[in-house]
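Structure record follows, encoded as structure tokens.
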Amino acid sequence: MSSDPILKVEDVQVSFPVGGFGRRNSILGVAGVSFEVNRGETFALVGESGSGKTTLARAVNGLQEISAGSITFEDQRIDELDPRAMKPVRKRMSMMFQDPVGSLSPRMTVGDLVTEPFRIHGIEGRNLRDEAERLLTLVGLPTSFDSRFPHQLSGGQARRVGVARAIALDPALIIADEPTAGLDVSVQGEVLNLLNDLRERLGLAMVIITHNLHVVHHVADRTAVMYLGRFVEAGETEEVFSAPQHPYTAALLSANPEPDPDKTHDRITLPAEVPSLLARPSGCEFHTRCPWAQSQCSFDAPERHVTDERVIACHFPLAPGARPPEQKESVLS
Amino acid sequence: MAELWRPIRKILREPLGALGLFLVLFVIFGAVFADLLTSWDPTKINPRDRFQGPSANHLMGTDQLGRDLFARVLHGGRIALFVALVSTAVSLVIGIVLGLIAGYGPRWLDNLMILLFDAMKSFPTVMLALALVTLMGPSLTAVMVVVVLVTVPGYARIIRTQTIALKTSEYVTAAQSMGASSARILRVHILPNVIGPLVILASMDIPVVIGIEAGMSFLGLGVRPPTPSWGSILNDGFTNIRDTAWIAIAGGVPIIITTLGFTFLGETLRDVFDPRLKGR
Amino acid sequence: MTTLRIDNLNVSFSTEAGPLHALKNVSFDVPENRIVGIVGESGCGKSTLINAILGLLADNGSIDGGSILFEGQDELTSLPSSRMRDLRGPRIATVFQDPMGALNPVISVGKQMLNIQYRSTLSKDEKMNRAVEMLELVRIPDARAALARYPHQFSGGMKQRIAIAMALMMEPALLIADEPTTALDATLEVTTIELLKDLQQKIGCSVMFISHHLGVIAELCDDVVVMYAGEVVERGTVRQIFQDPRHPYTARLLECDPARQSERTRHLPTIPGEIPDLRARPAGCIFANRCDLVSDACSAPPPDKDIGDGHVARCIIADCPEETGVTA
């Protein structure tokens, strides 16, 4: 890891209040996460629904208050800033949302949507029409699109408009929440290629949040796997994919059906569903689903083991190509 | 131009909508060109001509003071439409502002405003009218204040509910993440998306407002004589129904025509543009 | 016997801007006891196809020709709606992406499972036992107790499995599964697929499985139908389609799946262009405007070329594999 982080997240926690009068309580959506993103680097957050990846992204973007930890962006603590002080930061860090069409205001034209960042930040002295043209060209849309409304766009086109909005003010970091969600296979490549081109040309850093591991494999330099609001494993994408050390990572990777009918599926079946955040398991939180779990795992939470190339939270990291001890008849509960 | 024609064509395709549009235009025409359509002064008393039936001279006859009823009906239409349009517009503006604040603002403010809206709604209209007239004296302003107080809570609640729904939508979150101020989010991202259904509902309230104006003037709580109002014409008609039925007819028919016209038009607007609102 | 035979089906919708030809000359079979995958991207006509089969086309839609023959006897395009209602549910069951579409939130799961069996002559106890048996089949733990619970008390994966149990309870001849695993997480998706395959074999029904997820199709299905812009561009067995695709669209689509790229690449393949406007279908090949193998001959309607063993592709060069430039 080079030491030029643009974003530094340290021990961040996000808690949500639950329950009404009498039994007020809180759950941790993000339960202590640390990572760094370097300039020009693509960092992927992977996990299933409820793993806290979107909450974490929103916390980094200041849309969600954090209850502990710190977030440093371009050498400035941003987690304590009030909205006014946060505004200039928002020029440098933009976010793309899951729903390509739903994240565009339905009664605004593409031209207005693309130039909205300039209006919000009161940037004068630029011809907004020219800017709209420049941005639409940059993301590969015909300039005639500027008078269209979001409902007249296909998913891929709407996503391109989203990208144009995200890069309008030349940010240093883009946070993309499921950038390929809702897109057809033949179109998702276009969007990923576009993001990648822009990353190279503009030197952007990116945080990509997704559940699609195949996508991560191709676009991310480093990958972190989240489970119940914590990182269970993080490292160079190539290495995490070729030799997962955490059983959850291994299970996720093996759960990815591949478009090859003759592929023999040597699958690691998880014997249970994701536990509720209201009742986090004791010890290692993955032990209720882990095929390798031993008695120690049920009461002793594993330390996060940090080396130069890998972060791993497991008592018994897997050797490359490890198979579950004996695959029990999968009983879902 | 085509943008403007499309909705009108859609309305005309519905028989009731076409009828409604025709009636409304008819009433507006009468009110706007009142001075051209008759040379009589609606307030000029002419005791020698009292209780005349319709004739070429007095198209609808005259009332107990010999005033020309046709002129009074046309000018009364001006009052009715003026009250309806101005007070509905004022209600819309106040309702939208309050609704946006309640929906987008902090939770405690929302709770407080909901309490206020409910309290206002629970007042019977007639009681409210009587109380206000006692305070202000009978006048056109009193009528409009009553209308605003009666309709604002409903409008505000509709806007509030929709604002709350949109507050967490992705495009609003996206605007927040770009650093947009609350004022900008409300103006650019929320208002344009909540205003449509409300305007349609408000257009359906216009006949109600005309009814309130006529009713209050009938009771002597509204427009002060000798200013013509359909309600006061109707009242004159009832007092003198033994002498002639013409006065009551002249006061009643325009109310019916206008109410039906706006109701048909409003319902067609709703069905054509926002079928989800059906049955409200 | 084929469970479902669709022959030259054409469906169009009347819209303000003129008629929209949503399905054009669609033909394929769902043989008995097989799982047929329907693959296609948005706008390919999957939903129209399902609605046409179920007799649930929107008011402005009409079947302009062709036939949908169910179990060799019922012609679904002209079936009276009362008979259609008898078929839907007991004979043709459905599972959709959102299981809550099939589950009533205010009625307990057990009661709903009893209600489905209203036609059956079994006693109430026997019906109950049947419900428990089905829940056990879809691996709902503690099935008997689960009957008393309400849908919201189950997780998303369990809700979908309950919906599957309910769909299969009357042992239908055909199950139409429309993206049933799309909303599920990857680990749940694979278990649900395995379960579906298991149940299909136990019950012996045919399944029409609609998905845009190529990996799921490859793993689950016996036969595959590839749809594009309302046409079946290619159909065959899962191996024929995935290992020897003959229609350029199928070939490109398979290439686009990042799972297919084992080498890490920063530049992913795509299919440039858009689906043509279905209100103004081109006279010739529907894929011509995006195809890089296009020639003058493509401006004429392409034939359905039979490559053999039930492998059919609607492309003039389908019988010359080297020209489609396909790599398995």
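The values are calculated or read from the model by the stated rules, or taken from the named source; none is laboratory data. Note that the structure is predicted; figures quoted are calculated from it, not measured. Heads up, the Cβs are rebuilt from the backbone with ideal geometry, glycines too, and the neighbour counts pull from every protein chain shown. Note: accessible area is taken over every heavy atom of the protein model, side chains too, but ligands, DNA and RNA are not part of it. Shrake-Rupley method; radii C 1.70, N 1.55, O 1.52, S 1.80 Å.
The number of residues in region A:117-131 that are at the interface with another protein chain (Cβ under 7 Å from one of its Cβ atoms) and open to solvent by less than 10 Å² (accessible area, probe 1.4 Å) comes to 1. Within region B:20-48, work out how many residues are closer than 20 Å to B:T227 by Cβ and open to solvent by less than 100 Å² (accessible area, probe 1.4 Å). Residues in region B:20-48 being closer than 20 Å to B:T227 by Cβ and open to solvent by less than 100 Å² (accessible area, probe 1.4 Å): 17 in total. Scanning region A:299-326 for residues that are surrounded by 10 or more Cβ atoms within 10 Å (Cβ to Cβ), of a type in the set (D, E, K, R) and either touching a His at 6+ places or on another chain (Cβ under 8 Å) or assigned to a loop (DSSP other than H, G, I, E, B) (or both) yields a count of 5.
Does any residue of region B:152-172 turn out to be assigned to a helix (DSSP H, G or I), touching a His at 6+ places or on another chain (Cβ under 7 Å) and free of Cβ contacts under 8 Å to residues at least 40 places away in the same chain? Yes, the conditions are met somewhere in region B:152-172.
Taken together, B:L130, B:L135, B:L149 contain a single residue that is among the hydrophobic types (A, V, I, L, M, F, W, C), more than 16 Å from B:I212 (Cα to Cα) and open to solvent by 20 Å² or more (accessible area, probe 1.4 Å), which is B:L135. Between C:S47, C:S27, C:S82, the distinction of being of a type in the set (S, T, Y), in the same structural domain as C:A283 (by TED's automatic domain parsing) and over 19 Å from the mean Cα position of the chain (by Cα) belongs to C:S82 only. When the strands (runs of 3 or more DSSP E) confined to region A:37-111 are screened for residues that are of a type in the set (F, W, Y), open to solvent by 20 Å² or more (accessible area, probe 1.4 Å) and at pLDDT 95 or above, none reaches at least 2 such residues. Taking the conditions (1) surrounded by fewer than 20 Cβ atoms within 10 Å (Cβ to Cβ); (2) within 14 Å of chain A (Cβ to nearest Cβ) in turn, B:L115 satisfies each one other than (2). Taking region A:175-219 as the range and being open to solvent by less than 20 Å² (accessible area, probe 1.4 Å) and part of a loop (DSSP other than H, G, I, E, B) as the test, the residues that pass are A:E178, A:P179, A:T180, A:L183, A:L204.
Of everything in region A:153-174 that is in a loop (DSSP other than H, G, I, E, B) and under 22 Å from C:E41 (Cα atoms), the residue that is nearest to the other protein chains (Cβ to nearest Cβ) is A:S154.
Quick grid of which residues meet (1) open to solvent by 40 Å² or more (accessible area, probe 1.4 Å); (2) in a loop (DSSP other than H, G, I, E, B); (3) modelled with pLDDT of 90 or more:
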| residue | (1), (2), (3) |
| --- | --- |
| C:E274 | yes, yes, no |
| C:R279 | yes, no, no |
| C:D292 | yes, yes, no |
| C:C298 | no, no, yes |
| C:P302 | no, yes, yes |
| C:V312 | no, no, yes |
| C:C315 | no, yes, yes |
| C:E323 | yes, no, no |
| C:T327 | yes, yes, no |
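Go through B:D68, B:D110 for me and flag whichever is open to solvent by less than 50 Å² (accessible area, probe 1.4 Å), in contact (Cβ under 8 Å) with a residue 40 or more places away in the chain and acidic (D, E). Checking each option against the conditions leaves just B:D110.
Rundown of residues vs (1) over 14 Å from A:M93 (Cα atoms); (2) touching a His at 6+ places or on another chain (Cβ under 7 Å); (3) open to solvent by 10 Å² or more (accessible area, probe 1.4 Å), yes/no style:
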position: A:V139; (1), (2), (3): yes, no, no
position: A:P150; (1), (2), (3): yes, no, no
position: A:G155; (1), (2), (3): yes, no, yes
position: A:D170; (1), (2), (3): no, no, yes
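Select, from C:V36, C:V132, the only residue that is hydrophobic (A, V, I, L, M, F, W, C), without any contact (Cβ under 8 Å) to a residue 40 or more places away in the chain and either open to solvent by less than 20 Å² (accessible area, probe 1.4 Å) or in a loop (DSSP other than H, G, I, E, B) (or both). After applying the criteria, what remains is C:V132. Which residues, counting only those in region C:71-88, are under 22 Å from C:Y118 (Cα atoms) and part of a loop (DSSP other than H, G, I, E, B)? C:P80, the sole residue that qualifies. Here A:L45 meets the list (1) under 21 Å from A:R304 (Cβ atoms); (2) without any contact (Cβ under 8 Å) to a residue 40 or more places away in the chain almost entirely, failing just condition (2). Scanning region B:216-263 for residues that are free of Cβ contacts under 8 Å to residues at least 24 places away in the same chain, open to solvent by 30 Å² or more (accessible area, probe 1.4 Å) and of a type in the set (G, A, S) yields one hit, B:A245. Condition check for C:E234 on (1) more than 24 Å from C:V294 (Cβ to Cβ); (2) under 16 Å from the mean Cα position of the chain (by Cα): one failure, at (1).
Close contacts from region A:176-199, counting a first residue that is touching a residue at least 60 places away in the same chain (Cβ under 8 Å) and more than 10 Å from chain C (Cβ to nearest Cβ) and a second that is surrounded by fewer than 23 Cβ atoms within 10 Å (Cβ to Cβ) and among the acidic types (D, E), with Cβ to Cβ under 9 Å and a gap of 6+ residues or different chains, come to A:E178/A:D99; A:A181/A:D99. Picking from residues in region C:190-249 that are away from every other protein chain (no Cβ under 11 Å) and touching a His at 6+ places or on another chain (Cβ under 9 Å), the one that is nearest to A:S186 (Cα to Cα) is C:V226. Here C:D86, C:D64 are screened, and the one residue that is open to solvent by 50 Å² or more (accessible area, probe 1.4 Å) and at pLDDT below 90 is C:D86. Pairs are defined by a Cβ separation below 7 Å, a sequence spacing of at least 6 or placement on different chains, a first member in region C:263-278 that is more than 7 Å from chain A (Cβ to nearest Cβ), and a second member that is of a type in the set (A, V, I, L, M, F, W, C) and buried (at least 18 other Cβ atoms within 10 Å of the Cβ); the pairs so defined are C:I275/C:A229; C:P276/C:A229; C:P276/C:I286; C:L278/C:L20; C:L278/C:A22; C:L278/C:A229. Filtering region C:169-189 to residues that are facing chain A (nearest Cβ under 9 Å) and of a type outside the set (A, V, I, L, M) leaves C:D185, C:T187, C:E189. Annotation: of all residues in region C:141-162 being over 25 Å from the mean Cα position of the chain (by Cα) and not in a helix (DSSP H, G or I), the one that is nearest to the other protein chains (Cβ to nearest Cβ) is C:P141. Reported count of residues in region C:163-191, each being more than 16 Å from the chain's Cα centre (by Cα) and β-branched (V, I, T), is 3. Report, by residue number, each residue of region A:252-290 that is of a type in the set (D, E), open to solvent by 40 Å² or more (accessible area, probe 1.4 Å) and within 24 Å of the chain's Cα centre (by Cα). Listed by number, the list holds a single entry, A:E258. Please enumerate the residues belonging to region A:220-269 that are touching a residue at least 60 places away in the same chain (Cβ under 8 Å), hydrophobic (A, V, I, L, M, F, W, C), in a loop (DSSP other than H, G, I, E, B) and within 11 Å of another protein chain (Cβ to nearest Cβ). Within region A:220-269, A:A220 is the sole residue that qualifies.
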